[in-house]
Each structure stands twice: as structure tokens, then as C-alpha cells.
Amino acid sequence: MKQITVFYVTFPDEAAARSLARMLLEQKLIACVNIFPASGLFFWQGAMQDEKECIGLFKTKPDLISKVRNKISANHPYEVPCIISSNVDANDAYVDWVCEQTMDLI
């Protein structure tokens, strides 16, 4: 099996997730994203938070990890964003599609 890279990124709302996703798609840094609602419990500045969030699962090819991570970091609304990436096995046809969609045009 071949591999792709999946980024797990949390956002304060769907609009923020979609805005960043569109930018990454237009720059051909990701092939696609899934955005879904979530709830987050965490401590921030000494107080427990119970917040509504959105999660984006961004799919790209492994050689774009640094570029994608840098773009997310530079354009994310959180002071300390959650940006987690992992290389995962995927079926060959899907990996080929991800690679076709993520051409280095920038």
C-alpha cells in the first residue's frame, strides 16, 4: 500500500476551517478536506474550557508536509493551534488521486 499524509486540525468554527481549506486547495497543497463539528474540553489560561469546535481532516502527499504545516500555522486563528499530521496507508487509486490533485504549482 502507498501512503498519504492526513492533517488533523481544530478550528473555532466551520467558517475558519473552510477559509483555510479553500486557500490550501487553491494552492494545490491539499487534495481535499473533511470538516465536521466537535466539542472540546481543555484548560486554557488556567480555566477549563468546554467549547464547540470544528475539525478538519486535510489530505495531502507526504512531500508537502512542511508546506502545509507552515501555511496552516501562519493562517490559523488560534494562538496555539492543534496541527497533527500522520502518514497513513491508503488504497493505491486514492493515493494516486491525491498526488494528481496536489501538484507543486507555487
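The GluC sites (Glu not before Pro) of region 42-106 that DSSP puts in a loop, and whose beta carbon has at most 13 other beta carbons within 10 Å, are GLU79. What the chain shows is 59 Å² of accessible area per residue, with the surface traced by a 1.4 Å probe over protein heavy atoms.
Close Lys pairs in the chain, defined as Cα atoms under 24 Å apart and 8 or more places apart or on different chains, number 12.
Overall form of region 14-62: prolate. Here a/c, set by the Cα gyration tensor axes a ≥ b ≥ c, is 1.5 or more, and a/b is the larger of a/b and b/c. Computed over the chain, the range of Cα coordinates on each principal axis works out to 45, 28, 20 Å, biggest value leading. Every helix of 4 or more DSSP H residues in the chain counts as -39500 (n - 2.57), and over all residues that averages to -10000 deg cm²/dmol at 222 nm.
How big is the charge dipole of the chain about its Cα centre, in debye rounded to the nearest 20, if each Lys and Arg gets +1 on its Cβ and each Asp and Glu gets -1 on its Cβ? Before the final figure, lay out the partial values.
Working: 10 positive and 13 negative charges, 44 e Å.
Value, rounded to 20: 220 debye.
The values are calculated or read from the model by the stated rules, or taken from the named source; none is laboratory data. Because the structure is predicted, anything quoted here is derived from the model rather than measured. Cβ atoms come from the backbone with ideal geometry, glycine included; neighbour counts cover every protein chain shown. All accessible areas refer to the heavy atoms of the entire protein, side chains included, with ligands and DNA or RNA removed. Shrake-Rupley method; radii C 1.70, N 1.55, O 1.52, S 1.80 Å.
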